[in-house]
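Let me begin by presenting the structure, written as structure tokens, before commenting on it.
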């Protein structure tokens, strides 16, 4: 390897969720480093590919719906064979399999980021593919939390290959001030009403039903509150029906998908994460960076960044009573809310800046290329 690093990121790009947000932040910052020649391959046209193109980064889109696995390997090989790729950085099990095979042919290295448990706990076939990826087709694994690393170890992944590089936030893109009047008006939320909100795909693992159950209990004691759910997903209709069955539809807003959460996040008086499992969720880091008081379930990698009573409140998952009690406590104690929010913002700036994860990733690149 010469003094320059030729890096190719491979990511599906079918969604725009936490993993894609983190990958894009990393890709964008790597493109600014003078000794990194960066290429990106996605398997889908979508928000991620659009953002990469808008950033002037070299991108190839190979639509997975139009081809099979072997054809994808052949097409990607023909794209990268002359580019002298030192490192393929892959972001999923299919990406790992395809990138790993091509890397073997080209004598390149492979870095795999595990953004979550993914397909490891899926079918036996998926597990075997992931074990094949890890054992034969990957030089370095990145886990976004210590908890996720422990999970990988429990599945007999090699500890010597796993490094923890926690998700981070690009502080430069955090707005310093936002006018919330238009957002509140659009959502029909009065000025004298508190907003409790969450951001995430409408899927089971996010635990939205428990937040809705907690909402009913909160409204019985404080009806000057609105609950805002930012995100889209397969459970939208089910969650709306559940909201109606609780009789709280006047107090709940489903905003749908937003690729820029900050104007909505800005109106939150409390940010809630009711997930059943998480790695290091980007929405949580965004809430910290905006200086929001946080209530989150104590799952996955969350206790690695949220310290109960310091920069947030940790609660048990699947416990609407504990969640409602925590929300009411913050609504009734403005001083505590301000303290938690201030500490969260300070910790975001000091501990979860994107520059830290970029530096750690670059060091891993250099290490495996020695």
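Each value in this text was obtained by applying a stated rule to the coordinates, not by laboratory testing. Keep in mind it's a predicted model, so treat the numbers as computed, not measured. With ideal geometry, Cβ positions are generated from the backbone for all residues, glycine too; neighbour counts draw on all protein chains shown.
Among 21, 144, 183, 193, a tally of other beta-carbon atoms within 10 Å of each Cβ gives an order, fewest to most, of 193, 183, 21, 144.
The length gained on full extension between residue 125 and residue 3, counted as 0.36 nm times the residue separation minus their Cα-Cα distance, comes to 39.9 nm. Modelled spin labels at residue 370 and residue 154, positioned 7 Å past Cα toward Cβ, are 3.3 nm from each other. For segment 1-110, what does the alpha-carbon gyration tensor say about shape, rounded, prolate or oblate, given a ≥ b ≥ c as the root eigenvalues, a/c under 1.5 as rounded, and a/b over b/c as prolate? Oblate, because a/c is 1.5 or more while a/b does not exceed b/c. Ranked by the mean number of other Cβ atoms within 10 Å per residue, highest first, peptides 163-174, 293-304, 328-339 order as 293-304, 163-174, 328-339. Computed extension length for residue 360-residue 68: 101.6 nm, one decimal, from 0.36 nm per residue of separation with the Cα-Cα distance subtracted.
Protection proxy ranking for 249-259, 68-78, using the average of other Cβ atoms within 10 Å per residue and placing the highest first: 249-259, 68-78.
The stretch between residue 135 and residue 107 holds 8.5 nm of extra length on full extension. This uses 0.36 nm per residue minus the Cα-Cα distance. For the pair segment 78-115 and segment 1-73, the centres of their Cα atoms are 12 angstrom apart.
Determine the shape class of segment 172-351: with a ≥ b ≥ c the square roots of the Cα gyration tensor eigenvalues, call it rounded for a/c under 1.5, and otherwise prolate if a/b is greater than b/c, oblate otherwise. Note, shape of segment 172-351 comes out rounded. In terms of packing, defined here as the mean over residues of other Cβ atoms within 10 angstrom, the peptides 55-65, 340-350 line up highest first as 340-350, 55-65. Using the Cβ-Cβ distance between residue 276 and residue 84 with R0 set to 45 Å, the FRET efficiency works out to roughly 0.55.
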